[in-house]
Amino acid sequence: MRGILRLGVLGLFLGIGSMYLAACEDKPVDPVVLPENFTWTVDYSPSVKGKVTINMKANKANYFTAIFKDKQGDVTVESPAASYTFAAEGTYVVVLRAHASAAHYIERVDTVKIEAVTLGDGYSTPTSYSGYNLAWADEFSGDALDLGSWGFDVGNGSGGWGNNESQYYTSGTANCVVGNGKLTITAKKESQGGYNYTSARILTKGKREFQFGRIDIRARLPKGQGIWPALWMLGANFGTVGWPKCGELDIMELVGHQPNRVHGTAHFGNNSPSTQRTATYGLSSGTFADAFHVFTMKWENNLVEWYVDDVKFHTLTPSNTGGIYPFNEKFFFIFNVAVGGNWPGYPDGTTVFPQQMDVDYVRVFQKI
């Protein structure tokens, strides 16, 4: 009986061992089935600045990821509708994956272009004021510059327009275009006329000249070392009496290495160099490249006031010009983006090109 028992027990253990060995054998593994027909769309938020959503689809996908390669590092979002908000404008790479598993996926790469500002961003002013008539406006709503109101200065002037500027101003659409409801003046790093940069300078001389009024100009400004945008006016008698005797009213100037500050200045005097009175307005946060602002000049007999977004920051009267006051005569507009010069200095390795000044509108209101 004991012998039979021993054989039985041995048979039992052999049986268990056989079962264990059978359990440890490798079973065939089904091949991974990768997703197919991977498609996606890129949607930009109409209301949230910098936000983009990637909507992904694929057959046989278990889930999706998008890797947004931001300047501060990669951000991975797991969703078929992956959203991310970029803090700065630019062109960014996005890596898209349709997954069968964490280790098995198909991958595609796309780019998104973030425009930091739209015309809806920033400050605006009304189209009418009590006690004023609209004397003239350019809303830049067409597809070309209105040559009935504007002309071009071309070249580099005398001595870099008197400031040792480095750009060559062109005419036509190379550096000045109208479209999408705005005027855009673009400064580019390119050689022309013996100079290393091009830009545009437009003016209303002989076409639109005004004496007094409220002037509103809504614009978004460029930035960068050596970049010098300006919205300004010269006396209409400039061609006969010269500068500074004709007078100059700088509604807005910005030197690009100080992108959060603008300047309002009056130039006057009988001989060059001019006498000037100037003041500065600074933003509490951000820069004038981040959004549109409205630069206003309220201009009456013996009084000129400068505003940014309806905040006054400078006043001029005959009492603070030493009795020389050419500002009760007609003036014309000049809009330009200069590159380099005595005041802003010159571009360096930090300066990004191209740089653009966008103007939404210019409006001149005069008292009834």
* Asked: Can you list the aspartates and glutamates whose alpha carbon sits under 20 Å from that of LYS60, skipping same-chain ones fewer than 8 residues off?
  -> ASP30, GLU36, GLU78, GLU107
* Asked: For the pair GLU78 and ASN196, what calculated FRET efficiency results from E = 1/(1 + (r/R0)^6), where r is the Cβ-Cβ distance and R0 = 51 Å, to the nearest 0.05?
  -> 0.60
* Asked: With the dipole of segment 132-367 worked out from charges on the C-beta (+1 for Lys and Arg, -1 for Asp and Glu) around the Cα centre, which of ASN301, LEU221, HIS257 lies farthest toward the positive end?
  -> ASN301
* Among residues other than THR315 whose Cβ falls under 10 Å from its Cβ, what is the net charge (Lys/Arg +1, Asp/Glu -1)? -> +2
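Under 10 Å from the Cβ of PRO126, count the other residues' Cβ atoms, weight Lys and Arg +1, Asp and Glu -1, and hand me the total.
Local charge sum for PRO126: 0.
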* To do: Give me the lysines in straight-line cross-link reach of LYS71: C-alpha distance below 28 Å, same-chain residues under 8 apart excluded.
  => LYS49, LYS51, LYS57, LYS113, LYS188, LYS189, LYS223
* In whole Å, what is the distance between the alpha-carbon centres of segment 59-101 and segment 324-368? -> 41 Å
* Förster radius 25 Å - calculated FRET efficiency between ARG261 and SER171, Cβ distance, rounded to 0.05 -> 0.20
* Asked: How many nm is it between the label spots at THR275 and GLU300, if each spot is 7 Å from the Cα in line with the beta carbon?
  -> 2.3 nm
* Structure fact -> At q = 0.11, 0.18 1/Å the base-10 log of I(q)/I(0) from the Debye formula over the alpha-carbon atoms of segment 132-367 is -0.52, -1.55
* Structure fact -> So the FRET efficiency between ASP110 and ALA87, C-beta based with R0 = 25 Å and rounded to 0.05, is 0.80
* Report the paramagnetic label zone for LEU283: residues of segment 187-226 whose backbone N is under 11 Å from a point 7 Å from Cα along the Cα-to-Cβ axis. => 220-223
* For the chain, built as a Gaussian network whose Cα springs stay under 10 Å, the top-fluctuating residue of LEU183, LEU283, LEU249 -> LEU283
* **Gain upon complete extension [THR240, PHE313; 0.36 nm per residue less C-alpha separation]** => 23.1 nm
* Structure fact -> Any trypsin sites (Lys or Arg not before Pro) in segment 151-253 that lie in a DSSP loop and have at most 15 other Cβ atoms within 10 Å would be LYS207
* To do: Compute the acute angle (0 to 90°) between the alpha-carbon long axis of helix 2-24 and the principal axis of greatest extent of the alpha-carbon atoms of the chain; round to the nearest 10°.
  => 20 degrees
* Taking a cut-off of 14 Å between Cα atoms, list the aspartates and glutamates near LYS298, but don't count ones fewer than 8 places away on the same chain. => ASP216, ASP250, ASP309, ASP310
* **Net charge dipole size for the chain [Lys, Arg +1 and Asp, Glu -1 on Cβ; Debye, nearest 20]** => 380 debye
* Asked: Longest span of the chain, sites excluded, free of chymotrypsin sites (Phe, Trp or Tyr not before Pro) in DSSP loop with at most 16 other C-beta atoms within 10 Å?
  -> 130-368
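Since every read-out is calculated from the coordinates, none of them should be taken as a lab result. Here the structure is a predicted model, which means the values were calculated and not measured. FYI the Cβ positions are ideal-geometry reconstructions off the backbone, even for glycines, and counts take in every protein chain you see.
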